[in-house]
1. Using θ = phi - 60° and the Karplus relation 6.51 cos²θ - 1.76 cosθ + 1.60, list the HN-Hα couplings for the stretch 321-331 in order, rounded to whole Hz, with x at every Gly or Pro.
2. Apply 1/(1 + (r/R0)^6) to the Cβ-Cβ distance of Val255 and Thr121, taking R0 = 35 Å, and write down the FRET efficiency to the nearest 0.05.
3. For Ala129, list long-range residues whose amide hydrogen, built 1.01 Å from N in the peptide plane, is under 5 Å from its own amide hydrogen.
4. Take Lys51 and Thr274, extend 7 Å from each Cα along the Cα→Cβ direction, and tell me the distance between the two endpoints in nm.
5. Full extension from Lys325 to Ser173: what is 0.36 nm times the residue separation minus their Cα-Cα distance, to one decimal in nm?
6. Stretch Val265-Ser155 to full length: gain in nm at 0.36 nm per residue minus the Cα-Cα span?
7. At a Förster radius of 30 Å, what calculated FRET efficiency corresponds to the Cβ-Cβ distance of Leu235 and Lys86, to the nearest 0.05?
8. Determine the share of the stretch 176-331's accessible area contributed by carbon and sulfur atoms, expressed in whole percent, with a 1.4 angstrom probe.
Amino acid sequence: MAIHLVAGTRSARWRAGAAGLTVLGLALTACGGAKVGDTPSDAGASSGGGKCGTFNLAVNPWVGYEADAAVVAYVAEHKLGCTVKKKDLKEEVAWQGFGTGEVDAVLENWGHDDLKKKYITDQKTAVAAGPTGNNGVIGWYVPPWLAKKYPDITSYKNLNKYASQFKTSESGSHGQLLDGDPSYVTNDAALVKNLNLNFKVVYAGSETALIQAFRQAEKKQEWILGYFYEPQWFLSEVPLVKVDLPPYKEGCDAVAAAVACDYPVYDLDKIVSTKFAASGSPAYSLVKSFSWTNDDQNLVAKYIAVDKMSDEAAAKKWVEANGDKVAAWLK
């Protein structure tokens, strides 16, 4: 019997839109109920003339992004003398803040061609600031014990054979495909339909709930098929096995409802407000130069999620051990 949902206690990794096209449950609400415009506008707070002033940094609530923000904020504060204001915001809400001056930078963008068109091409309130150095992978995964015992389960072509094993009270007569937060980038409902799979997408609700579900499934040898992604520190604890979907080809995800292929590999990138990019702030130069590996991010994320270090303590530990990388960002 497949496992059921596990309540999460930590913020979800919120991402919007199937293939960057569909915004799910976004509204205008951000993490913790805050939204752009809730607080007095910091428009123009990012100062020019080489002085940093206030640096408004969006934080999309998944721990990998939290690691990005922790390190960039630490360097901005301790090396550049910036006053960093972190703002917990869903992705599109953060992009809205570029135009109002309430958000200077988004550090980890997963594709989002729709948002780039809207805010970079059409509104011209945002500009791209280069890659983060991270490769993002989304897919369907099973725990190691399951892949070892049933090797053919790692092909989507064989999933229907095992669908009954994945049934839960939430999925009814179908096998359960456990997704994360409803606002994640996901094509899963379309994939299930277009690949004729006897499964139903059920949302765990958060990154923590998803992780706990996989952890429990591996420990107790329970059946679970779920959405997951890299970079992600948890894969070093439980090396989940990716299910092969039909290979991704350029344009195969152009129509969200018709998607029947795997997710692309995302070159994660940074987005900043147009005003911030022209401000002369050293914080902009830092954001533009910031680049690290998946391993770097996973290490800081582990400090935060597993070792329970504060964001600042985690960032300080990583920065002190990687002075050469930090120095390169500050040149």
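1. Working through the residues one at a time gives 8, 9, x, 5, 5, 5, 4, 5, 5, 9, 5 Hz.
2. 0.95
3. Hits under the 5 Å cutoff: Lys270, Ile271, Val272.
4. Going from the Lys51 label point to the Thr274 one covers 2.7 nm.
5. Separation in residues times 0.36 nm, less the Cα-Cα distance, equals 49.5 nm.
6. In short, 37.7 nm is gained.
7. 0.70
8. 52 percent
The values are calculated or read from the model by the stated rules, or taken from the named source; none is laboratory data. Computed from a predicted structure; not experimentally measured. Every residue, glycine as well, gets a Cβ built from its backbone with ideal geometry; the counts of neighbours run over all protein chains shown. SASA here: full protein model, heavy atoms, side chains in, ligands and nucleic acids out. Shrake-Rupley method; radii C 1.70, N 1.55, O 1.52, S 1.80 Å.
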